[in-house]
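A short write-up of the structure that comes next.
The values are calculated or read from the model by the stated rules, or taken from the named source; none is laboratory data. Not measured: the values here are computed from a predicted model. With ideal geometry, Cβ positions are generated from the backbone for all residues, glycine too; neighbour counts draw on all protein chains shown. The accessibility values were calculated without ligands, DNA or RNA, using every heavy atom of the protein model including side chains. Shrake-Rupley method; radii C 1.70, N 1.55, O 1.52, S 1.80 Å.
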Amino acid sequence: MSSTKLDTPTLAEKYDQYLGDSQFNNGLNLIEKLGIETGNNVLDIGCGTGRLAEYVAKTVGKKGKVTGIDPSPHRIKVASRKGKPSLNLSFELGNGEDLSRFKNKSFDRVYLNAVFHWIENKSATLAQIHRILKPGGKLGLTFTSKNIQKAFSADRQAVDRLLKKEPYASAVKSDEETPRHPITTDELALLLINSGFEDIKLDIKQNTTYYPSAKEYFEKREAGGHGNFLTNVPEELREQFKADYSKELEKNKTPQGIEFTNYSQVATATNNGWNNEKL
Ligand SMILES: C[S@@+](CC[C@H](N)C(=O)[O-])C[C@H]1O[C@@H](n2cnc3c(N)ncnc32)[C@H](O)[C@@H]1O
């Protein structure tokens with residue numbers, strides 16, 4: 001089931017203009033590690049509003065091609081404005097869990113930037129990515145590891161403190177955004193190995209961001225989560241929860257603003273070419 005039915009044109013526009021800056025910056029780091037070259041054929045799964053794909057299109061040049069897919073029509077509409085002037089960049093509505101439209105061994109690079117936690121059937125998706133990658137082709141993804149996030153992120157800890165108290169303890173589902181499917185670093189490594197990838201590299205990038213107030217932080221989460229932020233909290237409790245959540249976040253206030261440190265992980269892996277024929 002797609003997580004994108006709560007997305008709106010306004011969330012997509014704001015994400016494109018500035019609320020997606022941190023994802024874009026993490027994406028630049030991912031692209032560097034993937035070693036994308038002139039002439040490469042590249043697939044961006046969950047391309048959102050297309051900022052990163054537009055950047056990659058400049059790298060692959062006229063002899064290369066970048067295709068972005070995303071299940072949100074609002075995000076694809078914004079992205080398509082970027083695709084028009086350049087023939088080597090195109091965007092299509094599409095879900096990462098169904099890559100059947102793409103030919104075997106057709107891509108040099110496939111990446112998912114801040115998307116993998118929205119994918120429900122991860123092993124089926126990885127098997128399809130393996131099928132469409134050329135032997136020796138590379139997959140890259142950035143993701144937030146479930147266990148690292150729980151142990152170190154200030155906002156995750158703020159939510160956990162609240163969820164221990166009533167009226168939230170009995171009414172709120174454990175994750176703060178649904179329908180997310182986060183995994184741990186170990187789980188990712190196993191999935192990649194079992195899906196036929198080798199030369200797996202995992203790296204942790206520490207990001208510290210400051211927000212003037214909890215309101216700005218909530219706006220960012222809302223746009224980044226395409227409308228799913230706090231949908232696990234029953235509607236009648238949501239405003240109260242936000243107010244209590246703000247108080248918890250204010251505890252991290254510094255002279256520069258409310259401080260957030262998160263650890264985003266970057267994984268790259270190479271298609272070993274073994275079972276391409278069988279998939
Ligand atoms: C945080 S945004 C990242 C967007 C973009 N990759 C970037 O770097 O800015 C997450 C994106 O994942 C998309 N998404 C959600 N479920 C998906 C799925 N099953 N397959 C592909 N994309 C999905 C959302 O529509 C949204 O655009």
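The residue list ALA57, ASN25, HIS181 was ranked by how far each Cα lies along the charge dipole of the chain toward its positive end, using unit charges on Cβ atoms, and ALA57 comes out on top. Note on surface exposure: TRP118, TRP274 rank TRP274, TRP118 by accessible area, highest first, 1.4 Å probe.
Accessible surface comparison of ARG75, ARG238, ARG161, ARG221, probe 1.4 Å, protein chains only, largest first: the order is ARG161, ARG238, ARG221, ARG75. For the residues ASN207, ASN40, ASN104, a GNM of the chain with alpha-carbon springs under 10 Å puts the largest fluctuation on ASN207.
Helix 51-60 and the long axis of the chain differ in direction by around 20°, with both axes built from C-alpha atoms.
The listed residues LYS63, LYS5, LYS105 rank as LYS63, LYS5, LYS105 when sorted by accessible area, largest first, using a 1.4 Å probe. Its alpha carbons give the chain an Rg and a Dmax of 19.0, 59 Å. 3J(HN,Hα) along segment 221-232, derived from phi through the Karplus expression 6.51 cos²θ - 1.76 cosθ + 1.60 where θ = phi - 60°, amounts to 5, 4, 6, x, x, 5, x, 8, 4, 6, 6, 7 Hz, with x in place of Gly and Pro. Straight-line cross-link reach from LYS215 at under 25 Å between alpha-carbon atoms covers these lysines, not counting any fewer than eight positions away in the same chain: LYS5, LYS14, LYS146, LYS150, LYS164, LYS165, LYS173, LYS242, LYS247, LYS251, LYS253.
Surface calculation, 1.4 Å probe, protein heavy atoms: THR184 sits at approximately 30 Å² accessible.
Remark: the chain carries a charge dipole of roughly 780 debye about the Cα centre, counting +1 on each Lys and Arg Cβ and -1 on each Asp and Glu Cβ. Largest GNM mean-square fluctuation across LEU11, LEU99, LEU190, computed for the chain with C-alpha springs under 10 Å, falls on LEU190. Solvent-accessible surface of the chain, taken per residue with a 1.4 Å probe and all protein chains present: 47 Å². The mean sequence separation of alpha-carbon pairs under 8 Å and at least six residues apart, normalised by the residue count of the chain, gives a relative contact order of 23 percent. Applying 1/(1 + (r/R0)^6) with R0 = 25 Å to the Cβ-Cβ distance of GLN157 and ASP203 gives a FRET efficiency near 0.60. Given a 1.4 Å probe and the protein chains as shown, LYS146 ends up with an accessible area of around 100 Å². Tell me the relative contact order for segment 156-239 as a rounded percent, counting alpha carbon contacts under 8 Å between residues six or more apart. Across segment 156-239, relative contact order equals 46 percent.
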